[in-house]
1. What is the distance in Å between the Cα centres of the range 1-80 and the range 161-178?
2. Apply the Karplus parameterisation 6.51 cos²θ - 1.76 cosθ + 1.60, with θ equal to phi minus 60°, to every residue of the range 182-197 and state each ³J(HN,Hα) to the nearest whole Hz, in sequence, with x for glycine and proline.
3. Of the residues Val112, Val138, Val226, which exhibits the maximal mean-square fluctuation in a Gaussian network model of the chain defined by a 10 Å Cα contact cut-off?
4. Where in the range 212-248 is the amide nitrogen less than 12 Å from a point lying 7 Å along the Cα-to-Cβ axis of Leu42?
5. To the nearest 500 deg cm²/dmol, what mean residue ellipticity at 222 nm is calculated for the chain from DSSP H runs of n ≥ 4 alone, each contributing -39,500 (n - 2.57), summed and divided by the residues?
6. What percentage of the solvent-accessible surface of the range 184-263, computed with a 1.4 Å probe over protein heavy atoms, is contributed by carbon and sulfur atoms?
7. In straight Cα distance, which aspartates and glutamates are under 13 Å from Lys40, not counting same-chain residues fewer than 8 positions off?
8. Determine the sum of side-chain charges near Pro218: Lys and Arg each +1, Asp and Glu each -1, restricted to other residues whose C-beta is under 12 angstrom from that of Pro218.
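The values are calculated or read from the model by the stated rules, or taken from the named source; none is laboratory data. Not measured: the values here are computed from a predicted model. Every residue, glycine as well, gets a Cβ built from its backbone with ideal geometry; the counts of neighbours run over all protein chains shown. When the accessible area is computed, the model is the full protein with side chains, heavy atoms only, and any ligands, DNA or RNA have been set aside. Shrake-Rupley method; radii C 1.70, N 1.55, O 1.52, S 1.80 Å.
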Amino acid sequence: MTIELGILGAHVPSICHRENVPDFQQKMVAQMDELAGTIKDLKPDAIVLVSCHWISTFHHYVDASPVHKGVLTAFECPDIISDVSYHYPGDQELGEALVMAGKHARLPVIAVNDPTYVWDYGTVVPLRYFVPNEDIPVVNLSITMAASLDETFKWGQEIGKVLNASDKRIVFVFSGALAHNLVRGRHHMPTISEQALDKQFIDYLMNKDMESAREMLPQYARVAGVEGGGRHLAMMLGALEGDYKPSFLGYAQSSGSGNALMTFEPEKTKETV
Ligand SMILES: [Fe+2]
């Protein structure tokens, strides 16, 4: 069918366990819980998720495992994210279709199907909120350091074409922050300059001015230290080409990072309801 919903979402470590969520992230968590209801109602066939914490060096990886099962202790912050079990179904067919599309586009895309591979927290944390019953198949994707923003945009376009040509209904999650020049102290907001850049990028998205968002991204990513070099955003702009209705749900800080929660619904869904 199509990408039924795109979500730009957060994965800050302090929301992994609900009992640790600080006051200034409570609203974001409540909104993520609401989105879980939206996703449940959509009854998607699969979730595709790109994570800024699955950082590959040369190749774009697609986790096409039929089952994702493991226990995560995050090497970056084992005091905060420890002993987190997950067990989600995968979608090998969809994952391999994405890999084929990438190869046909002459992109260095490789399938991963390895029961010993352990998910990163940029994948696990949002899924704990969006799919709490672990009952929707997941295909997750890396961000790739050797890939430019333009290449990542192109990869996003290829993924979008496959998803929109599929007979499956997909929710696509882009897991990463906006401004991301981290500082010690979880309560710190991004600087006012970084917030201004985040706001401008969000405004372009809200005005459906994707061309300006794409034009802004390289310099914005450098100055504001956008997470993953902005690759999750480049992939989003590539995958969500077309007519999507944007919604801005909120923005919360974490150690100087700016974390936006936004959704993108295909306009045609409304027409066919
Ligand atoms: Fe992160």
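1. About 13 Å separates the Cα centre of the range 1-80 from the one of the range 161-178.
2. After applying 6.51 cos²θ - 1.76 cosθ + 1.60, I find 6, 9, 6, x, 5, 7, 6, 7, x, 4, 5, 5, 5, 4, 5, 5 Hz.
3. Comparing Val112, Val138, Val226 in the GNM, the peak value goes to Val112.
4. Hits in the range 212-248 for Leu42 at 12 Å: 245, 247.
5. On the way: 8 runs with 105 residues, N = 273.
Counting only the DSSP helices, I get -12000 deg cm²/dmol.
6. Working: 1760 of 3540 Å².
Ligands and nucleic acids excluded, carbon and sulfur give 50 percent.
7. Glu4, Glu134, Asp135
8. Values: positive: Arg214, Arg222, Arg231; negative: Asp150, Glu215.
Neighbourhood net charge equals +1.
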